[in-house]
Amino acid sequence: MKKICLIALPWQLASGPSPAVGALASFLRHKNRQIRVDCRHDHLEIASRIGKPCYRALTVGGAISRYSDILCFPFFYPKKAETCVKRAARLAEPLMVAQFGSEDEFRSEAGRQLNNIPQEELARAHEILPTQALDPKSAHSLSEIMEMVIWSIMVRVDLCIGNIAREIAGKYDLVGLTTSYNQLSTSLLLCEKLKRISPATVTVLGGALVSGRLGPSIINEYRFIDFIVQGEGEYPLDALVGHLAAKDFEAIERTDGILTPENALDHKDGVELWQVADPDELPFPDYDDYAECVGEGDWTLPIEGSRGCWWDRCRFCNLNSQWEGYRTKSNRRLAAEVEYLCTRYRKSAFIFLDNVHSPKGIQGFAKGLKDTDMDLLFFYELRADLSPYEILALYEAGLDFVQVGIEGLSRSFLKRIRKGTKVIQNLQIMKTLCELEIKSRSNLITDYPRSTRDEVEETCRTIRRYAYAYDPLNLGRYHYYSGSPIDRERDNHPVANVRNDDVYKDAIPGAVLERVELLFKSYDPVGEPVSWSPVAGAIEWWEKLQGYYAAKGQRPMQYRDFRALLIVDYLRSGKRCRLQLPDTERELYLYCTKIRSKKKIMERFSARMGEREINACLEKWISECILYREGEKFLSLAPTINPRFAVRRIRRMAYEDDEAKAP
């Protein structure tokens, strides 16, 4: 066992290297200098072959990005080719057109590409597809053109994967592929082609789409897969390489994290995981192979700060099915890794891969990044329970883009999905991001099982009365995932007939779907599900409202501070309103720009205003929808008009709060 090849295939994002490939290559190279580890980021070549706009449509957002993995299954099941293409075309149409800017632009570019299809692609298409499938003269409607584009994408991916198989055949002892970015069918296709050419090459899969009970069903169905690594790959893959070199096949069967066709029979839910106890012990990831491929091109560094999730209770989420427990790198180690990678690859933009931020030490973490003295810009996934000052610390360290786990704007809905946060916290972080002009792509979950009409109505009220002041959320219909808490506890939830997602029926025969377990699921709701269409309408109104005010350089709700007077502009029943708050009222409203308890408010202002006057102010602002109340907690909703003013206010309030705590 001297030569190993780690490969990333579609539908890995084209904007950066595979994190799994970079991490595993670095670990293996550090552990065994005698082994040669090559990395291939073949998703780049394939993205170039099918066209970057088409590739982006299949990988970034929208329904098709969830189901792009179906595109290569028809090469195993040719009778499913036509239904797969039709389904994929319907899913891809809105995203594909959006990537080209307009339907006319899409038609023009699609026509140009379809009229210049190489003979090799036509020949391959005709082997499994109808003769007229890639004849652009037969297409007139948008749906027909879209189907031809999907046909051509499938054929190009298949031909590229065939070329990869021929290039690596006989050159490596082991080939490993990651499946996490909807890469299952492409990885299966490569392994199948490779095994036909080079049967002795060991094939290994890893990643989210073979985790838990998905893995045993996949390795039993597709016999050209030799091993599956479940959970973290460092220790199991290193052990597998060692055991194969020693030809100790019995040891492989007993090694945690390694699934084989034999031990899969006794581990229907997957094997025990073998995890890294202290992530600080891991070497820095190695993206040299990727950097060599792209040269001076623009790309984003992936950086891992932690593994798992310390909360790990959200009923809808399956992101932690690959982990056991939560482990995080120290602030010192993480800052050193950021500095090393950014310097080595001359990049300042990166994304944190973490499922969630650390529950403590945010300011220390941010300081470590800031102390690198580099112009950093990074993406981070956050929970809504961070304070404005913690967001400010991240902002000053380089936080540029976030996804916050908002998920709901109804109090009972947040409890239902076991999010562990409150509506008032969601509003606070949305306001802080708005004020600091940090880009956000946060979601609002709809159609969750047993949602109520009251929850839909409360969500609409929260949007139209309060959240309209901030950047709109993305509408995210609930999707059922294998391994999520609701899946593990399905007997206690209103779901029946849980099965592989119905979309797979158009790409995979029913008999196969009975045998394999796939990540995305369909289910039948128990009882009559509530309609979330009013929320979709509220989101549409929200987007138009923000667009209208953005075009005028304004916000639909905002405040301006003149020191002795605070002016709040806002909407009430569709009309523009203004409230002027003098002196102590101004101070009270500004004090509540951070979530405050009734007790703290009274302690701060009762000597100057009196309890009755304080309550009168709070109630008036609540009635005008410029103050939000949840229980005994209050939050002023109006954002300031400029990030500089927000920075000054947040820092001043943090200082005053620290002073108040001092003995």
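General remarks:
- So residue 251, is it over 30 Å from residue 340 (Cα atoms), of a type in the set (Gly, Ala, Ser), in contact with a helix residue (DSSP H, G or I) (Cβ under 8 Å, 6 or more places away or on another chain) and surrounded by fewer than 19 Cβ atoms within 10 Å (Cβ to Cβ): yes
- Any hit, the stretch 434-443, residues being acidic (Asp, Glu) and buried (at least 23 other Cβ atoms within 10 Å of the Cβ): yes
- Filtered residue count, the stretch 381-406, keeping only those that are aromatic (Phe, Trp, Tyr) and farther than 22 Å from residue 467 by Cα: 0
Residue by residue, here is whether (1) of a type in the set (D, E, K, R); (2) modelled with pLDDT of 95 or more; (3) assigned to a helix (DSSP H, G or I); (4) surrounded by fewer than 23 Cβ atoms within 10 Å (Cβ to Cβ) holds:
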site: 162; (1), (2), (3), (4): no, yes, yes, yes
site: 171; (1), (2), (3), (4): yes, yes, no, yes
site: 176; (1), (2), (3), (4): no, yes, no, no
site: 181; (1), (2), (3), (4): no, no, no, no
site: 194; (1), (2), (3), (4): no, yes, yes, no
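- Count of the stretch 583-616 residues which are assigned to a helix (DSSP H, G or I) and either open to solvent by less than 50 Å² (accessible area, probe 1.4 Å) or in contact (Cβ under 8 Å) with a residue 60 or more places away in the chain (or both): 13
- Qualifying helices (runs of 4 or more DSSP H) (wholly inside the stretch 207-301; at least 3 residues being under 22 Å from residue 30 (Cα atoms) and at pLDDT 95 or above): 234-246, 288-294
- Restricting the stretch 49-60 to residues that are over 15 Å from residue 164 (Cα atoms), open to solvent by 40 Å² or more (accessible area, probe 1.4 Å) and not β-branched (Val, Ile, Thr), the residue that is modelled with the highest pLDDT: 56
- When 478, 389 are checked against the criterion of being open to solvent by less than 20 Å² (accessible area, probe 1.4 Å) and in contact (Cβ under 8 Å) with a residue 60 or more places away in the chain, a single residue qualifies: 478.
- Verdict on residue 304 being at pLDDT 95 or above and open to solvent by 60 Å² or more (accessible area, probe 1.4 Å): no
- Answer residue from the stretch 526-538, given it is touching a strand residue (DSSP E or B) at 6+ places or on another chain (Cβ under 7 Å) and buried (at least 18 other Cβ atoms within 10 Å of the Cβ) and is nearest to residue 573 (Cα to Cα) among those: 535
- Of everything listed in (1) open to solvent by 20 Å² or more (accessible area, probe 1.4 Å); (2) under 23 Å from residue 434 (Cα atoms); (3) part of a loop (DSSP other than H, G, I, E, B), the single unmet condition for residue 357 is (1).
- Yes/no for residue 576 being among the basic types (Lys, Arg), open to solvent by 30 Å² or more (accessible area, probe 1.4 Å) and in a helix (DSSP H, G or I): no
- Within the stretch 502-532, being charged (D, E, K, R) and closer than 21 Å to residue 154 by Cα holds for 502, 505, 506.
- Criterion violated by residue 444 - all others in (1) under 22 Å from residue 536 (Cα atoms); (2) in contact with a Phe, Trp or Tyr (Cβ under 8 Å, 6 or more places away or on another chain) satisfied: (2)
- Unmet requirement for residue 564, which otherwise passes all of (1) modelled with pLDDT under 95; (2) out of contact with any Lys or Arg (no Cβ under 9 Å at 6 or more places or on another chain): (2)
- Subset of the stretch 414-425 that is in contact with a strand residue (DSSP E or B) (Cβ under 8 Å, 6 or more places away or on another chain) and assigned to a helix (DSSP H, G or I) - its residue that is nearest to residue 396 (Cα to Cα): 424
- Evaluated against (1) open to solvent by 10 Å² or more (accessible area, probe 1.4 Å); (2) at pLDDT 95 or above; (3) not basic (Lys, Arg), residue 32 falls short on exactly one condition, (2).
The values are calculated or read from the model by the stated rules, or taken from the named source; none is laboratory data. This structure is a prediction, so every number in the text was calculated from the model and none was measured. Every residue, glycine as well, gets a Cβ built from its backbone with ideal geometry; the counts of neighbours run over all protein chains shown. What goes into the accessible areas is simple: the full protein's heavy atoms, side chains included, and nothing from ligands, DNA or RNA. Shrake-Rupley method; radii C 1.70, N 1.55, O 1.52, S 1.80 Å.
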